[in-house]
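Participant: Okay, here's the structure, questions in a sec.
The values are calculated or read from the model by the stated rules, or taken from the named source; none is laboratory data. Keep in mind the model is a prediction, meaning the values are calculated, not measured. Cβ sites come from the backbone with ideal geometry, for glycine too, and all protein chains shown count toward neighbours.
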Amino acid sequence: MDIVTKAKINLFAVLRNIQDLCELDDVSKDIIKNEKTSVSFNVPDVGCATLVFKDGKCTFEPDRSSAQLKLWFTSPDHFNKLVDGEKTIPIFINILKVGFLLSTFTKLADRLSYFLKPTEELLKDRKYFEINTILTAYTAFFAMCQIGNSDEIGKIVASKIADGEIACGIPDGLQVTITVKGGAMSARIGKSENPRAIMQFADLDFAHDLLNGKTSSYKGLGEGKFLIKGKVSMLDQMSKLLNMVSHYLK
Amino acid sequence: MKLNSYVKSTELFKRALKVVPAGIYGHLGPAEGCAIPITAFPMFSDRAEGAYFWDVDGNRFIDYMCAYGPNILGYNDPDVDAAALAQLKKGNCVTCPSELLIEFAETMVDTVAMADWAFFAKNGGDVVQFATLVAKAKTNRKKLVLVKGFYHGVDPWCQHIGSSGIVKEDVVNNFYIDWNVPEQFEQLVKDHPGEIAAFVSTPYCHPAMADSVLPAPGYWQKIRKICDDNGIVLIVDDVRCGFRLNLKGSDYHYGIKADLECFCKAIANGYNVSALCGTEEMRGAAEDIMYTGSYWLSSVPFAAGIAAIKKMKEFDVANVINEKGRKLTNGLVDVAKSNGFKLVISGEPSMWFMRLDDDPSTIMHQEWVAECVKRGVFFTNHHNLFINAALTDDDIKYTWDVADEAYKVVRQMHPELNRL
């Protein structure tokens with residue numbers, strides 16, 4: 001496993017979920033309701049991103065380093081350890097905001113971990129199930145793009161994907177658009193208006209089972225719960241990248 | 001026209017999913033076979049005859065996939081089946097091979113222009129793999145030059161990095177060049193003197209999901225010369241094209257002589273046998289390699305192959321199916337045009353590839369193919385198609401009628417086309 005790619009996944013796929021967490025989860029909404037601050041994560045060989053908290057909302061801004069609280073990591077591995085929950089301390093600038101790090105951010109990180117590490121018992125709660133599935137899907141698609149852009153084999157695979165948009169999601173529900181241009185991949189939440197290829201899950205339950213390895217795309221095809229259409233070669237290559245996500249996030 | 005329903009196929013597929021990985025794995029399955037949407041396609045066949053197969057729901061299809069190539073004379077050809085059944089009564093998989101081993105090898109040598117000997121296995125991949133071993137043994141070199149995107153089977157070395165189960169080391173001895181650019185081969189030879197064992201290629205470019213491209217004038221002659229000048233073995237993977245372009249081999253068809261040529265699919269009209277043919281110069285290397293399988297010398301497929309090749313010669317099958325393919329595809333282009341679409345045909349007529357022009361997502365083409373399949377004309381979306389000799393003029397006419405109705409349905413699905 002390439003630690004730089006893993007760090008990119010942790011920053012641009014896992015950590016970015018805090019934005020959606022604060023929208024989907026009432027507890028998280030409450031945690032940030034009075035926050036007005038920003039925190040940036042700066043990781044060598046990986047890049048930077050900033051979480052901005054304002055007006056009861058959180059936005060994740062990739063490639064932005066300016067923030068009230070700046071966190072610097074000594075290496076990709078240093079950052080990976082933080083996301084993996086190991087005790088590690090980043091170098092921070094702005095001592096006045098350290099309270100945010102120890103309080104609000106820690107609470108959000110715990111909340112994110114709660115939703116991304118489900119138990120069968122927790123999944124019986126429909127609201128929990130929905131948030132878990134949506135965040136898992138976002139993590140998978142955003143992580144897949146990082147693999148396509150950074151992992152040695154992932155880059156070879158991504159270079160074979162034709163330019164254009166791939167629409168992934170559920171009709172009238174979860175939607176992620178993958179954009180490929182010259183082998184560079186990016187993801188955004190929202191529906192593609194002009195996709196070249198479509199990967200559709202019938203419902204959130206099937207998406208959950210597929211993303212968690214409880215069913216297969218083949219079974220979904222047979223049961224009419226998984227649909228692909230459009231430029232199949234794009235989906236073929238994308239599937240290879242999706243398969244690699246679990247190796248990075250196990 | 002009546003539309004097919006697939007109640008039993010669907011039930012069987014669900015049953016299969018419980019005990020068979022992917023339900024139906026590989027190219028006959030709905031995933032690899034790009035059955036889009038799956039509800040338009042049959043999953044399981046019941047029987048086949050001539051140019052048709054019937055699925056388990058009783059729907060009849062004019063089959064333009066021909067089992068992905070093996071059906072060249074027509075399913076259940078009476079002469080081929082009679083020869084196979086007669087041999088089955090005498091013996092099939094026996095401790096000693098039957099005399100038919102020699103007779104089939106003699107048939108191949110008499111038929112394929114480059115062949116001085118023939119070696120038999122089961123699948124195309126078996127003999128392509130063997131060809132690379134022969135080339136490495138002959139040259140004492142380890143590198144292979146392949147053409148980007150070409151399919152040579154499922155052995156790890158001919159798959160692509162990033163595919164499940166394939167690691168970097170599996171493909172580390174491969175170089176890849178673009179089709180129709182012999183200069184890239186020339187450069188590789190210069191950069192890696194004494195390292196390249198073989199150049200491996202299909203006779204022309206017929207990848208899935210992209211237009212087929214025929215060899216440019218002089219292309220194969222240039223490749224042959226580079227191989228000759230540098231002691232590189234020229235392997236022609238004729239598994240898919242074999243006997244559909246020319247019974248003497250596709251290398252002969254394009255004006256060269258391969259050192260090793262791989263056959264499968266059409267050589268026994270569906271009976272399971274593949275063949276590697278080689279020149280005298282390659283014989284010693286082939287003899288030195290231990291390469292075998294439990295069923296490779298079974299007699300029934302040999303009997304079928306001998307009968308099939310005899311009949312193919314009598315029929316002049318390659319010319320017949322290319323003529324049928326030309327007639328069919330010209331008509332399909334006309335039908336598309338009359339409905340305001342442009343159908344693009346590429347490749348040799350007996351195994352053509354088709355797609356709609358101005359359809360970058362290919363969704364409209366997929367919709368059209370689905371409507372054809374629902375009406376009993378079996379196309380696949382993104383693989384080349386195949387013609388067999390049993391196809392009649394009536395079948396071709398019926399196909400045009402189905403294609404016409406299917407294009408009209410697609411046009412109704414896309415009102416935006418009428419606004420253009």
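Participant: Mind listing whichever residues of the stretch B:368-420 are polar (S, T, N, Q), out of contact with any Leu (no Cβ under 9 Å at 6 or more places or on another chain) and away from chain A (no Cβ under 14 Å)? Walk me through it before giving the result.
Facilitator: Step one: list which residues in the stretch B:368-420 are polar (S, T, N, Q), which gives B:380-381, B:384, B:388, B:392, B:399, B:412, B:418.
Restricting the remaining residues to those that are out of contact with any Leu (no Cβ under 9 Å at 6 or more places or on another chain) gives B:380-381, B:384, B:392, B:412, B:418.
Residues satisfying the conditions are B:Asn384, B:Thr392, B:Gln412, B:Asn418.
Participant: Is there any pair linking a residue in the stretch A:10-25 that is farther than 9 Å from A:Cys58 by Cβ to one that is modelled with pLDDT under 95 and acidic (Asp, Glu), with Cβ under 7 Å and at least six apart or on different chains, and which?
Facilitator: none
Participant: Oh, and also: For the stretch B:40-48, does any single residue satisfy the condition of being surrounded by fewer than 22 Cβ atoms within 10 Å (Cβ to Cβ), within 30 Å of A:Ala197 (Cβ to Cβ), outside the structural domain of B:Ala308 (by TED's automatic domain parsing) and not hydroxyl-bearing (Ser, Thr, Tyr)? Lay out the reasoning, then the answer.
Facilitator: Within the stretch B:40-48, the subset surrounded by fewer than 22 Cβ atoms within 10 Å (Cβ to Cβ) is B:40, B:44-48.
If we keep only those that are within 30 Å of A:Ala197 (Cβ to Cβ) too, we end up with B:40, B:44-45.
Next, from what is left, pick out any that are outside the structural domain of B:Ala308 (by TED's automatic domain parsing): B:40, B:44-45.
With not hydroxyl-bearing (Ser, Thr, Tyr) added as a condition, the list becomes B:40, B:44.
Checking the stretch B:40-48: at least one residue is surrounded by fewer than 22 Cβ atoms within 10 Å (Cβ to Cβ), within 30 Å of A:Ala197 (Cβ to Cβ), outside the structural domain of B:Ala308 (by TED's automatic domain parsing) and not hydroxyl-bearing (Ser, Thr, Tyr).
Participant: Please work out which one of (1) at pLDDT 95 or above; (2) within 11 Å of another protein chain (Cβ to nearest Cβ); (3) part of a loop (DSSP other than H, G, I, E, B) is the condition B:Asp359 fails and give its number.
Facilitator: For B:Asp359, the exception is condition (1).
Participant: Now, a different point. Give me the residue from the stretch B:141-163 that is among the small types (Gly, Ala, Ser) and in contact with a helix residue (DSSP H, G or I) (Cβ under 6 Å, 6 or more places away or on another chain) and, out of that set, nearest to A:Ser233 (Cα to Cα). Spell out the reasoning first.
Facilitator: Here is the first cut: in the stretch B:141-163, the ones among the small types (Gly, Ala, Ser) are B:149, B:153, B:162-163.
Still in the list and also in contact with a helix residue (DSSP H, G or I) (Cβ under 6 Å, 6 or more places away or on another chain): B:153, B:162.
Values: B:Gly153: 18, B:Gly162: 14 Å.
Among residues in the stretch B:141-163 that are among the small types (Gly, Ala, Ser) and in contact with a helix residue (DSSP H, G or I) (Cβ under 6 Å, 6 or more places away or on another chain), the one nearest to A:Ser233 (Cα to Cα) is B:Gly162.
Participant: For the stretch B:29-49, give me the residue count where each residue is on the phi < 0 side of the Ramachandran plot and modelled with pLDDT under 95. Break it down into steps so the answer makes sense when it comes.
Facilitator: Filtering the stretch B:29-49 for residues on the phi < 0 side of the Ramachandran plot gives B:29-33, B:35-49.
From the residues that got through so far, the ones that are modelled with pLDDT under 95 too are B:29-33, B:35-39.
Selection size over the stretch B:29-49: 10.
Participant: Hey, another quick one. Check whether at least one residue in the stretch B:25-48 is touching a Cys at 6+ places or on another chain (Cβ under 9 Å) and assigned to a loop (DSSP other than H, G, I, E, B), and report yes or no.
Facilitator: No, the stretch B:25-48 contains no residue that is touching a Cys at 6+ places or on another chain (Cβ under 9 Å) and assigned to a loop (DSSP other than H, G, I, E, B).
Participant: Can you name every residue in the stretch B:135-178 that is polar (S, T, N, Q), closer than 20 Å to A:Lys155 by Cβ and in contact with a strand residue (DSSP E or B) (Cβ under 7 Å, 6 or more places away or on another chain)? If you could, list the steps in order and put the result at the bottom.
Facilitator: Step one: list which residues in the stretch B:135-178 are polar (S, T, N, Q), which gives B:139-140, B:159, B:163-164, B:173-174.
Filter once more, keeping what is closer than 20 Å to A:Lys155 by Cβ: B:159, B:163-164, B:174.
Scanning the stretch B:135-178 gives a single hit, B:Asn174.
Participant: Between a first residue in the stretch B:1-27 that is more than 19 Å from B:Phe61 (Cα to Cα) and a second residue that is of a type in the set (Phe, Trp, Tyr), which pairs have beta carbons less than 7 Å apart while being 6 or more apart in sequence or on different chains?
Facilitator: B:Leu17/A:Tyr218; B:Ala22/A:Tyr218; B:Gly23/A:Tyr218; B:Gly23/B:Phe13
Participant: Within the stretch B:104-128, track down each residue that is in a helix (DSSP H, G or I) and surrounded by 22 or more Cβ atoms within 10 Å (Cβ to Cβ).
Facilitator: Narrowing the stretch B:104-128 to residues in a helix (DSSP H, G or I): B:104-111, B:124-128.
Listed by number, the residues that qualify are B:Phe104, B:Thr107, B:Met108, B:Gly124, B:Asp126, B:Val127, B:Val128.
The rows are residues; the columns are (1) modelled with pLDDT under 95; (2) surrounded by fewer than 16 Cβ atoms within 10 Å (Cβ to Cβ).
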{"position": "A:Asp163", "(1), (2)": "no, yes"}
{"position": "A:Ile166", "(1), (2)": "no, no"}
{"position": "A:Asp172", "(1), (2)": "yes, yes"}
{"position": "A:Ile178", "(1), (2)": "no, no"}
{"position": "A:Lys181", "(1), (2)": "no, yes"}
{"position": "A:Ser186", "(1), (2)": "no, no"}
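Participant: Something else: Considering each of B:Val239, B:Val300 in turn, give the residue that is over 21 Å from the mean Cα position of the chain (by Cα) and either assigned to a loop (DSSP other than H, G, I, E, B) or crowded, with 20+ Cβ neighbours inside 10 Å (or both).
Facilitator: Sole residue among the options that is over 21 Å from the mean Cα position of the chain (by Cα) and either assigned to a loop (DSSP other than H, G, I, E, B) or crowded, with 20+ Cβ neighbours inside 10 Å (or both): B:Val300.
Participant: Restricting the search to the stretch B:242-277, which residues are surrounded by fewer than 24 Cβ atoms within 10 Å (Cβ to Cβ), more than 21 Å from B:Leu146 (Cβ to Cβ) and among the charged types (D, E, K, R)?
Facilitator: Within the stretch B:242-277, just B:Lys248 meets the criteria.
Participant: Just give me the residues in the stretch A:203-216 being surrounded by fewer than 19 Cβ atoms within 10 Å (Cβ to Cβ) and either within 7 Å of chain B (Cβ to nearest Cβ) or part of a helix (DSSP H, G or I) (or both), in sequence order.
Facilitator: A:Leu204, A:Asp205, A:Asp209
Participant: What tally of residues in the stretch A:217-238 results from selecting those that are on the phi < 0 side of the Ramachandran plot, touching a residue at least 24 places away in the same chain (Cβ under 8 Å) and at the interface with chain B (Cβ under 7 Å from one of its Cβ atoms)? Reasoning before the result, please.
Facilitator: Taking the stretch A:217-238 as the starting set, the residues that turn out to be on the phi < 0 side of the Ramachandran plot are A:217-223, A:225-229, A:231-238.
So of that shortlist, the ones also touching a residue at least 24 places away in the same chain (Cβ under 8 Å) come out as A:225-229, A:231-235, A:237-238.
Cutting the leftovers down to at the interface with chain B (Cβ under 7 Å from one of its Cβ atoms) gives us A:227-229, A:231-233.
Qualifying residue count for the region: 6.
Participant: May I ask you to list the residues in the stretch B:243-288 that are assigned to a helix (DSSP H, G or I) and closer than 30 Å to B:Arg47 by Cα?
Facilitator: In the first step, residues of the stretch B:243-288 are kept if they are assigned to a helix (DSSP H, G or I); the result is B:250-253, B:265-268, B:280-288.
Within the stretch B:243-288, B:Lys265, B:Ala266, B:Ile267, B:Ala268 meet the criteria.
Participant: Got at least one residue in the stretch B:271-286 being at positive phi and in contact (Cβ under 8 Å) with a residue 60 or more places away in the chain? Steps first, please.
Facilitator: Here is the first cut: in the stretch B:271-286, the residues at positive phi are none.
Within the stretch B:271-286, not a single residue is at positive phi and in contact (Cβ under 8 Å) with a residue 60 or more places away in the chain.
Participant: Moving on to the next point. Starting from residues that are surrounded by fewer than 15 Cβ atoms within 10 Å (Cβ to Cβ) and more than 7 Å from chain A (Cβ to nearest Cβ), keep the ones in the stretch B:13-27 and report whichever is nearest to the chain's Cα centre (by Cα).
Facilitator: First, pick out the residues of the stretch B:13-27 that are surrounded by fewer than 15 Cβ atoms within 10 Å (Cβ to Cβ): B:14-15, B:18-21, B:25-26.
Those left that are additionally more than 7 Å from chain A (Cβ to nearest Cβ): B:15, B:18-21, B:25-26.
Numbers: B:Arg15: 29, B:Lys18: 30, B:Val19: 28, B:Val20: 24, B:Pro21: 24, B:Tyr25: 17, B:Gly26: 14 Å.
That would be B:Gly26.
Participant: Could you pull out the residue among A:Leu135, A:Leu241 that is part of a helix (DSSP H, G or I) and away from chain B (no Cβ under 12 Å)? Working first, answer last.
Facilitator: On the way: A:Leu241 fails: away from chain B (no Cβ under 12 Å).
Testing whether each residue is part of a helix (DSSP H, G or I) and away from chain B (no Cβ under 12 Å) leaves just A:Leu135.
Participant: Since B:Met364 meets every condition but one in (1) touching a Leu at 6+ places or on another chain (Cβ under 7 Å); (2) crowded, with 23+ Cβ neighbours inside 10 Å; (3) within 13 Å of another protein chain (Cβ to nearest Cβ), which condition does it not meet?
Facilitator: Just one mismatch for B:Met364, condition (2).
Participant: If you scan the stretch A:164-198, which residues turn out to be assigned to a strand (DSSP E or B) and within 12 Å of chain B (Cβ to nearest Cβ)? Steps first, please.
Facilitator: The first filter runs over the stretch A:164-198 and keeps only residues assigned to a strand (DSSP E or B), leaving A:164-169, A:175-181, A:184-189, A:197-198.
Across the stretch A:164-198, the qualifying residues are A:Gly164, A:Glu165, A:Ile166, A:Ala167, A:Ala197, A:Ile198.
Participant: Continuing with the same structure: Scanning for something among the acidic types (Asp, Glu) and within 21 Å of B:Met209 (Cα to Cα), does the stretch A:197-205 turn up at least one residue? Let's see the steps before the verdict.
Facilitator: Residues of the stretch A:197-205 that are among the acidic types (Asp, Glu), as a first pass: A:203, A:205.
This time we only want the ones that are within 21 Å of B:Met209 (Cα to Cα), so: none.
No: zero hits.
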